[in-house]
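The values are calculated or read from the model by the stated rules, or taken from the named source; none is laboratory data. Only a predicted model underlies this, so the values are computations on that prediction, with no experimental measurement involved. Cβ atoms come from the backbone with ideal geometry, glycine included; neighbour counts cover every protein chain shown. Each accessible area value is taken on the protein alone, full model and side chains, heavy atoms only, with ligands, DNA and RNA left out. Shrake-Rupley method; radii C 1.70, N 1.55, O 1.52, S 1.80 Å.
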Amino acid sequence: MDRKQVRQMAAKQRLTIGLDLGDLNSRYCILGEAGEILSEGQLPTTKAGLDWLFAKMPCSRVALEVGTHSPWVSRHLARLGHEVIVANPHKLKLISQSVRKNDRIDARTLARLARVDPQLLGPIRHRGEQAQADLAVIRARAKLMEARTELINCARGLAKPMGERLKKCDAEQVNEGLADGLSEALQKVIRPLLKSIETISQQIGVYDQKIAEIAKRYPEIELLTPVYGVGTLIALTYVLTLEDAQRFRHSRDVGPFLGLQPRQRDSGKSQPELGISKAGDGLLRSLLVQGAHCILRKGAPESDLRDWGLRHLGQGGKNAKRRTLVAVARKLGVLLHVLWANGVAYDPLYQRKAGEAAKAKAMAQAGAGKKGKAAA
């Protein structure tokens with residue numbers, strides 16, 4: 001069936017299309033209302049290639065897997081009037097673990113699952129174009145941070161086998177001058193690395209300025225930054241990653257969304273303790289763990305979250321510190337959503353004050369009861 005016939009068929013019935021995205025070309029499979037295959041083929045993974053098939057086609061359901069190209073492809077198809085479903089690969093084992101896997105079969109599978117029940121695809125929602133661009137700045141900065149840390153470790157590691165050491169200092173202070181005083185042979189090796197590290201630090205500073213400018217466009221982060229351990233970077237990454245506070249019915253749903261909820265594999269009486277799912281955004285998850293470190297460290301101000309974390313840590317057990325950090329990070333993510341979704345000011349001791357007020361009220365009521373009995 002050619003493109004004209006497909007469009008004529010789409011005008012008469014609701015079509016379901018599976019689109020397996022590739023870097024250069026993508027495979028598609030078009031199903032009719034009865035589930036029959038109307039057309040299969042390949043098109044370039046470009047806007048012009050998508051327009052070739054979808055531009056003049058009436059509204060259809062299009063299913064595709066999340067990937068590098070899925071954000072712009074989903075937005076483009078949505079602008080053309082189609083219902084777009086982006087499948088979560090973590091929940092799509094029928095494709096990822098199939099013993100018969102190729103682009104054509106994947107496109108068919110996506111189309112059939114979308115036709116029967118879109119929820120089988122574990123659909124996700126991509127953020128908007130502006131949020132995607134702003135978040136790209138934060139991700140680029142994070143990659144430079146990783147590269148700088150790796151180069152610093154490399155430089156220090158190269159010096160130690162030669163019986164020498166680089167001076168201790170913060171990453172931002174690492175520069176070519178640290179090579180002064182080292183042997184001539186080591187300086188020839190280390191100086192280019194230190195110069196590269198210094199350049200990377202300068203580029204990180206440029207990104208920090210860009211992030212500060214971006215933050216001005218998102219006033220809602222002012223609700224989040226009063227939380228100790230949450231600076232502009234964490235607050236902005238949180239807002240850009242979730243994008244819409246109302247997308248979650250309950251604040252506690254943020255934990256599983258960010259992959260901070262323990263995996264479950266219960267069967268009968270067997271309930272093994274498993275690690276977190278790590279199904280969410282890795283960058284935001286790591287930033288929340290950094291925030292948890294700040295909350296629990298010595299000298300941090302008192303707060304309900306800190307009290308809870310220290311009690312949890314005091315219970316001990318295997319990997320107590322690591323598990324506590326993850327638990328505090330999860331509760332921090334939930335707390336930030338409560339503040340954002342409800343537009344309330346942060347009170348670090350809200351629960352403690354509420355508990356004390358409830359206790360005082362109960363004592364007052366008990367005292368009044370005793371007086372009443374005595375009068376009787």
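The set of residues in the range 59-83 being part of a loop (DSSP other than H, G, I, E, B) and either among the basic types (Lys, Arg) or exposed (fewer than 15 other Cβ atoms within 10 Å of the Cβ) (or both) consists of CYS59, THR68, GLY81.
Scanning the range 215-236 for residues that are of a type in the set (Ser, Thr, Tyr) and more than 16 Å from VAL338 (Cα to Cα) yields TYR218, THR232. Residue check: is GLU198 in contact with a Phe, Trp or Tyr (Cβ under 8 Å, 6 or more places away or on another chain) and assigned to a helix (DSSP H, G or I)? The answer is no for GLU198.
Screening ARG323, ARG330 for residues that are free of Cβ contacts under 8 Å to residues at least 12 places away in the same chain, within 23 Å of the chain's Cα centre (by Cα) and not in a loop (DSSP other than H, G, I, E, B) leaves exactly one candidate, ARG323.
With the requirement that a residue be open to solvent by less than 40 Å² (accessible area, probe 1.4 Å) and either among the β-branched types (Val, Ile, Thr) or without any contact (Cβ under 8 Å) to a residue 24 or more places away in the chain (or both), what does the range 290-305 give you? If the condition is that a residue be open to solvent by less than 40 Å² (accessible area, probe 1.4 Å) and either among the β-branched types (Val, Ile, Thr) or without any contact (Cβ under 8 Å) to a residue 24 or more places away in the chain (or both), then ILE295 is the only one that fits. Residues in the range 92-116 that are part of a loop (DSSP other than H, G, I, E, B) and farther than 19 Å from ARG61 by Cβ were compared, and the one that is modelled with the lowest pLDDT is VAL99.
Hey, can you tell me all the residues within the range 219-238 that are without any contact (Cβ under 8 Å) to a residue 60 or more places away in the chain and open to solvent by 20 Å² or more (accessible area, probe 1.4 Å)? If you could, list the steps in order and put the result at the bottom.
Residues of the range 219-238 without any contact (Cβ under 8 Å) to a residue 60 or more places away in the chain: 219, 221-222, 225, 231-232, 234.
Passing the criteria: PRO219, GLU222, THR225, GLY231, THR232.
Yes/no per residue for (1) closer than 29 Å to LEU240 by Cα; (2) touching a residue at least 12 places away in the same chain (Cβ under 8 Å); (3) in contact with a strand residue (DSSP E or B) (Cβ under 9 Å, 6 or more places away or on another chain); (4) not in a helix (DSSP H, G or I):
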position: ALA142; (1), (2), (3), (4): yes, yes, no, no
position: LYS160; (1), (2), (3), (4): no, no, no, no
position: CYS169; (1), (2), (3), (4): no, no, no, yes
position: LEU178; (1), (2), (3), (4): no, yes, no, no
position: GLY181; (1), (2), (3), (4): no, no, no, yes
position: LYS188; (1), (2), (3), (4): no, no, no, no
position: ILE204; (1), (2), (3), (4): yes, yes, no, no
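All of ALA364, ALA329, ALA320 fail the test of being modelled with pLDDT under 90 and open to solvent by less than 50 Å² (accessible area, probe 1.4 Å), apart from ALA320.
For LYS298, the criteria (1) of a type in the set (Lys, Arg); (2) at pLDDT 85 or above; (3) in a helix (DSSP H, G or I); (4) over 25 Å from GLY122 (Cα atoms) hold in every case but one, which is (3).
Among the residues of the range 8-36, those that are among the aliphatic types (A, V, I, L, M), surrounded by 17 or more Cβ atoms within 10 Å (Cβ to Cβ) and part of a loop (DSSP other than H, G, I, E, B) comprise LEU15, LEU21. Would you check which residues across the range 121-141 are hydrophobic (A, V, I, L, M, F, W, C), closer than 14 Å to VAL62 by Cα and open to solvent by 30 Å² or more (accessible area, probe 1.4 Å) and list them? ILE124, the sole residue that qualifies. The condition of being over 16 Å from LEU77 (Cα atoms) and touching a Gly at 6+ places or on another chain (Cβ under 7 Å) holds for only one of LEU38, LEU31, that being LEU38. Looking only at residues in the range 231-266 that are within 16 Å of the chain's Cα centre (by Cα) and part of a loop (DSSP other than H, G, I, E, B), the one that is nearest to VAL137 (Cα to Cα) is GLU243.
Taking the residues in the range 37-58 that are in a loop (DSSP other than H, G, I, E, B) and in contact (Cβ under 8 Å) with a residue 40 or more places away in the chain as candidates, determine which candidate is surrounded by the most Cβ atoms within 10 Å (Cβ to Cβ).
Checked the range 37-58; the qualifying residue surrounded by the most Cβ atoms within 10 Å (Cβ to Cβ) is MET57.
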